[in-house]
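A quick write-up on the structure given underneath.
The values are calculated or read from the model by the stated rules, or taken from the named source; none is laboratory data. Note that the coordinates shown come from a computational prediction; the quantities given were computed from them, not determined experimentally. Here the Cβ is made from the backbone with ideal geometry for all residues, glycine too, and neighbour counts use every protein chain on show.
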Amino acid sequence: MEFEYSARCQELQGKLLQFMDQHIYPNEKAYKQEIDQNGREKGNRWIPTTVIEALKPKAREQGLWNLFLPKSDRAPEGLSNLDYAPLCEIMGRVSWAPEVFNCSAPDTGNMETIERYGSEAHKTEWLEPLLRGEIRSAFAMTEPAVASSDATNIETRIERDGDDYVINGRKWWISGAGDPRCKIFILMGKTDPSAARHSQQSMILVPVDAPGVTIVRPLPVFGYDDAPHGHCEIIYENVRVPASNMLLGEGRGFEIAQGRLGPGRIHHCMRAIGVAERALELMCKRLNERVAFGKRISEQGVWRERIAESRIQIDTARLLTLKTAYMMDKVGNKHAKAEIAMIKVLAPNVAQQVLDWAIQAHGAGGVSDDFPLASMWAGNRTLRLADGPDEVHRNAVAKLELSKYMTFPGGEVQLPITRS
């Protein structure tokens, strides 16, 4: 199993690291100040920031654009999962950085979905402006009235009426819906409640400005509203869209979801590793700068234990993520489902632990806005719920593991399958 990055990936790593040093880290405070200023002076924190918009042309000029989308004629710059992994990790060190490179969620997953499952008309109308960074998008699946960790519970109805579909339902935690540039939803709902359990759901493209779409409210995460991106609660009331907006066909929502969520989950994990790395870096710097009880805090035994454990956990998570990326490239997402589930549990939990230690190392400053750690902690904690909670992924891993030892008639035991 080869984890060696290609020459192109290594070149892009160098360019991306330099871009982060020159343009991203120096603008972290300016980004926050601009959002706050938009709220105070213009009464609208949801205005897109000039900080990000000014950096996008620079990123594109350097070839740091649409790197997430492999095997697409419309995005020839796209990389394999393995080559994209270290770049996504670097971008993940600052929450808003991926947008600068047009590599931010949920747009990446939505672009992959339209590329894989959309018609040529869908690609022309929605994918191409997304790839150019002219618009943004959202993925509408989770609902407040049901346990959406089991997507078969989804109640939103998509009903055929002549040449249209009519949509009724309520969604929440729809990431990106608060952004005024968001122009399209990929919505999951039920077209046939009487069909087989995993054939009831479908996915359809819903323009944000369609009559009957109402954004009820933004939903803050631990007090952060994530403006101008945001997570929103939305009502769809008799929303009518052309029947041609259906992706693949009725009853194929789960098929699309599995194709979409595999890359989305590994991207989350790549960024989480970047979060953990930055947290460890900030922790070490802080511990070396501070003196308590007559010596640097970094010389205290408990902190050396935590630093070592952080490094061990981060490298463990990275290696499993790289293995997963390698398998997705070589054998496909379906055959890498156990690895995808494992990293989706491991990477956010590792990042959360390292962030917790980093906050502790910073003392009271760690929970303030003087450092990025509190915001990073809040954002990362959502990953243990987003794209499937830990419990669902652990259950999937357990079932796959148990299946290796199933007994058959006659009493023989199936031998374990070795993963290489």
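Odds and ends about this structure:
- Residues that are free of Cβ contacts under 8 Å to residues at least 12 places away in the same chain and within 20 Å of Pro348 (Cα to Cα) within region 258-301 comprise just one, Glu281.
Residues are listed down the side, and each one gets a yes or a no for (1) touching a residue at least 40 places away in the same chain (Cβ under 8 Å); (2) assigned to a loop (DSSP other than H, G, I, E, B); (3) farther than 26 Å from Val213 by Cα:
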site	(1), (2), (3)
Tyr31	yes, no, yes
Glu41	no, no, yes
Trp46	yes, yes, no
Val51	no, no, yes
His122	yes, no, no
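- Screening region 273-309 for residues that are touching a Leu at 6+ places or on another chain (Cβ under 6 Å) and of a type outside the set (Ser, Thr, Tyr) and picking the one that is nearest to Thr142 (Cα to Cα) gives Ala279.
- Residues in region 207-216 include none that are of a type in the set (S, T, N, Q) and over 30 Å from Asn38 (Cα atoms).
- Comparison of Ala325, Ala338, Ala398, Ala386 shows that the only residue that is assigned to a helix (DSSP H, G or I), small (Gly, Ala, Ser), closer than 24 Å to Ser104 by Cβ and not assigned by TED's automatic domain parsing to the domain that holds Ala227 is Ala325.
- Inspection of region 83-90 finds no residue satisfying the criterion of being over 25 Å from Tyr326 (Cβ atoms) and not aliphatic (A, V, I, L, M).
- Pairing each residue of region 89-114 that is in contact (Cβ under 8 Å) with a residue 40 or more places away in the chain and part of a loop (DSSP other than H, G, I, E, B) with any residue that is among the basic types (Lys, Arg) and surrounded by fewer than 24 Cβ atoms within 10 Å (Cβ to Cβ), provided the two are 6+ apart or on different chains, yields C-beta distances under 6 Å for Arg93/Arg278.
- For region 361-384, a residue qualifies if it is hydrophobic (A, V, I, L, M, F, W, C) and more than 17 Å from Tyr31 (Cβ to Cβ), and the qualifying residues are Ala361, Ala364, Val367, Trp377, Leu383.
- All positions within region 1-19 that are surrounded by fewer than 17 Cβ atoms within 10 Å (Cβ to Cβ) and either in contact (Cβ under 8 Å) with a residue 12 or more places away in the chain or within 23 Å of the chain's Cα centre (by Cα) (or both): Met1, Glu2, Phe3, Ser6, Arg8, Gln13, Lys15, Leu17
- Test: Lys58 is among the basic types (Lys, Arg), assigned to a helix (DSSP H, G or I), touching a His at 6+ places or on another chain (Cβ under 8 Å) and not assigned by TED's automatic domain parsing to the domain that holds Ile266: yes
- Only one of the numbered conditions (1) out of contact with any Ser or Thr (no Cβ under 8 Å at 6 or more places or on another chain); (2) touching a residue at least 24 places away in the same chain (Cβ under 8 Å) is not met by Glu255, and that is (2).
- The residue that is farthest from Pro86 (Cα to Cα), among those in region 22-75 that are out of contact with any Leu (no Cβ under 8 Å at 6 or more places or on another chain) and of a type in the set (Phe, Trp, Tyr), is Trp46.
- Contacts under 6 angstrom Cβ, first residue in region 319-345 being among the acidic types (Asp, Glu), partner part of a loop (DSSP other than H, G, I, E, B), 6 or more apart: Asp329/Ser80
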